[in-house]
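Please read the structure below before turning to the comments.
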Amino acid sequence: MDKQVYTKDDVMAILSCGKSKAYSIIKTLNKELEDEGYFIMSGKISAKFFRERLCLN
């Protein structure tokens, strides 16, 4: 995927998980970004940060 931002559908496809787990992962990662001072979008996660954080690079 060549996206800059992942949605729950992207997370579900990448991790083969359900909708609630995908939302939980996005929420957790967004909280980390927000704590570092980054602007976040509810229900979406930076693709770069997601892949780095889950060691998918």
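Quick note: the coordinates plus some simple rules give every number you see, no bench work behind them. Because the structure is predicted, anything quoted here is derived from the model rather than measured. Positions of Cβ are generated from backbone atoms using ideal geometry, with glycine treated the same way; all protein chains shown enter the neighbour counts.
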If each K or R counts +1 and each D or E counts -1, the residues other than Y23 whose Cβ falls under 13 Å of its Cβ total +4
MRE, 222 nm, helices only [DSSP H, n ≥ 4, -39500 (n - 2.57), over the chain, to nearest 500]: -17000 deg cm²/dmol
Out of (i) 0.93; (ii) 1.57; (iii) 0.99, which label holds the value of Rg/Rh (Cα atoms, Kirkwood Rh) that was computed here? (i)
Output ordering of 12-21, 40-49 (per-residue mean of other Cβ within 10 Å, highest first) is 40-49, 12-21
Unit charges at the beta carbon, dipole of the stretch 5-53: most positive-side option, S20, V5, S46: S20
Contact order relative to length for the chain, counting C-alpha pairs under 8 Å separated by 6 or more residues, stands in percent at 40 percent
